[in-house]
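The block underneath contains the structure these notes are about, expressed in structure tokens.
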Amino acid sequence: GGPDEPEDRRRPRAAELISDARRPDQVWLRSGRCLVHISSGHEDRDVWRYTLARCVERSDADAAAGGANNRPPSRRDRDGDDGGEEARLRADEARFDHARSLCPTTTGAAVVDAVRAGCQLDRGRARLAASYMARCPPALMPFDGTALRLAAPMLGRDGPRAGGVERGGR
């Protein structure tokens, strides 16, 4: 409200939540003369997206803490001698598996796999990234773009990002 409104309209009003004992998924909000129905039927529909965003944040933070940003795995990493790197990989995998388990559709699961593949590729784990890329439908991961993304690090170039086109005059 603006300064021209009466004082009582600018003041916040108390609101009351009312639940229906016969239908616990039905909640009503009452404030003054207004009554609003709040539906909780699809409350969890976007949880997988938020979980996926958190996976990427944690994956980036773990990689930065371990010094694994944008470097291919060393022989020690590949042979499994680096327990810290292996623990980070297991933690990453568990987080992404959890996000995938929350997906209500196969499209959502494919998006999780595509993001997971990108994270693995950024960590220098091309073989693992390729296994996740292979799960994605061609509409999400077209073969030509996927092949370029996998080959670019071996050629010493930054490859195109998921769904993007490589820019620059190299």
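The values are calculated or read from the model by the stated rules, or taken from the named source; none is laboratory data. Bear in mind that the values here come from a model prediction, so they are computed numbers and not experimental data. With ideal geometry, Cβ positions are generated from the backbone for all residues, glycine too; neighbour counts draw on all protein chains shown. SASA here: full protein model, heavy atoms, side chains in, ligands and nucleic acids out. Shrake-Rupley method; radii C 1.70, N 1.55, O 1.52, S 1.80 Å.
When only residues in segment 1-16 that are touching a strand residue (DSSP E or B) at 6+ places or on another chain (Cβ under 6 Å) and either among the aromatic types (F, W, Y) or open to solvent by 70 Å² or more (accessible area, probe 1.4 Å) (or both) count, which is modelled with the lowest pLDDT?
The selected residue is R13.
Among (1) assigned to a helix (DSSP H, G or I); (2) hydrophobic (A, V, I, L, M, F, W, C); (3) modelled with pLDDT of 90 or more, which single condition is A151 missing?
Condition not satisfied by A151: (3).
Restricting attention to segment 25-84, which residues are at pLDDT below 70, charged (D, E, K, R), open to solvent by 60 Å² or more (accessible area, probe 1.4 Å) and in a loop (DSSP other than H, G, I, E, B)?
Answer for segment 25-84, where residues must be at pLDDT below 70, charged (D, E, K, R), open to solvent by 60 Å² or more (accessible area, probe 1.4 Å) and in a loop (DSSP other than H, G, I, E, B): E43, R71, D81.
Within segment 16-48, can you find the residues that are touching a residue at least 24 places away in the same chain (Cβ under 8 Å) and not β-branched (V, I, T)?
Within segment 16-48, D44, R45, W48 qualify.
Collect the residues in segment 119-145 that are open to solvent by 20 Å² or more (accessible area, probe 1.4 Å) and small (G, A, S), keeping them in residue-number order.
Answer for segment 119-145, where residues must be open to solvent by 20 Å² or more (accessible area, probe 1.4 Å) and small (G, A, S): G124, A126, A130, S131, A134, A139, G145.
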